[in-house]
């Protein structure tokens, strides 16, 4: 009997002295027993804490989520590391992390909480800084895309039109001058061919700098056209398949998906010595996933940081909170996997 009494005294002493908030609550949501840490942390007198429902001390924005977790608790599921906010008598907000169990026999909730306010504030500060840098990165990307768009327009509208005028002048000379020597005829034909190649090159470069098709026709049509163009120019079959809702990507994400494909195809053209390329975009669970595979000579994955195009892809995808994995082995090709969370309809 004495041993039991001593054990009870030890438990009571721990209950009273621990810096953690310890409480016993009734099934209907009132404090039945609290330790001094609860009083000190919330700033209310014991009588006030016992006389009002626990929910009344809670931050209004956390009451619904807490009620759902409490329902699970009363149905037998232990509450582990659940965080919510309380408002002290002085009006300050404290974050508490709870671990609780419900005793069906006694119809009481036994709970212990730690004050995690400092870590939550530090976390919020980190998130704030992250959002600030993310905003700056987005602004920088947008500025770059706008500059590229301007340059592409200048190429298309100015240089392509000037080349078209030269072509018209050559046509005029060929038609109006009937006494040209065979050598002059040959040189004009050559100039005409070069002019056509120049016009097509300007259009192709203009598209590569800023793919205006995305705005007009969407990402799928743009990538399908780009793959066909890649196949024609390089003699490497490039297929594109899509099985997703394009509305689940923001405009920024569409541009980044295109840029990743563009960089990957340039890499393949310059280094891979591939016989075929496959690009696929699909929905997997809550993600939109882009996969680019080739059967080229591959490379040592450990050295991917030495490739500025691959590191550029990684930074680009990180800026939209996506994930990218690049797998490659010598003589076994390369696979690039990108995944981003689906967005609500634009």
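Read the figures in this text as sums done on the coordinates, not as results from a lab. This structure is a prediction, so every number in the text was calculated from the model and none was measured. No Cβ is skipped: glycine too gets one built from the backbone with ideal geometry, and neighbour counts run over all protein chains shown.
Miscellaneous remarks
- Looking at the range 219-346 alone, DSSP beta bridges between its own residues are antiparallel in about 80 percent of cases.
- Separation of the residue 67 and residue 125 label points, Cα + 7 Å toward Cβ, nm: 3.5 nm
- Mean separation of Cα contacts under 8 Å, 6 or more apart, over the residue count of the range 219-346: relative contact order %: 26 percent
- Between residue 229 and residue 164, the modelled labels are 1.7 nm apart [label points 7 Å from Cα along Cα→Cβ].
- Relative contact order, percent, the range 216-289 [alpha-carbon distance under 8 Å, six or more residues apart]: 39 percent
- Ranking of 238, 289 by count of other Cβ atoms within 10 Å, fewest first: 289, 238
- One decimal place: the segment residue 93-residue 335 gains 82.2 nm when fully extended, by the rule 0.36 nm per residue minus the C-alpha distance.
- Straightening the chain between residue 47 and residue 243 buys 64.3 nm, computed as 0.36 nm per residue apart minus the Cα-Cα spacing.
- This ranking places 248, 190 by how few other beta-carbon atoms lie within 10 Å of each, fewest first, which gives 190, 248.
- Distance (nanometres) between label positions extended 7 Å along Cα→Cβ at residue 24 and residue 179: 12.1 nm
- Note on residue 17 and residue 273: the extension gain reaches 85.0 nm, defined as 0.36 nm multiplied by sequence separation minus the Cα-Cα distance.
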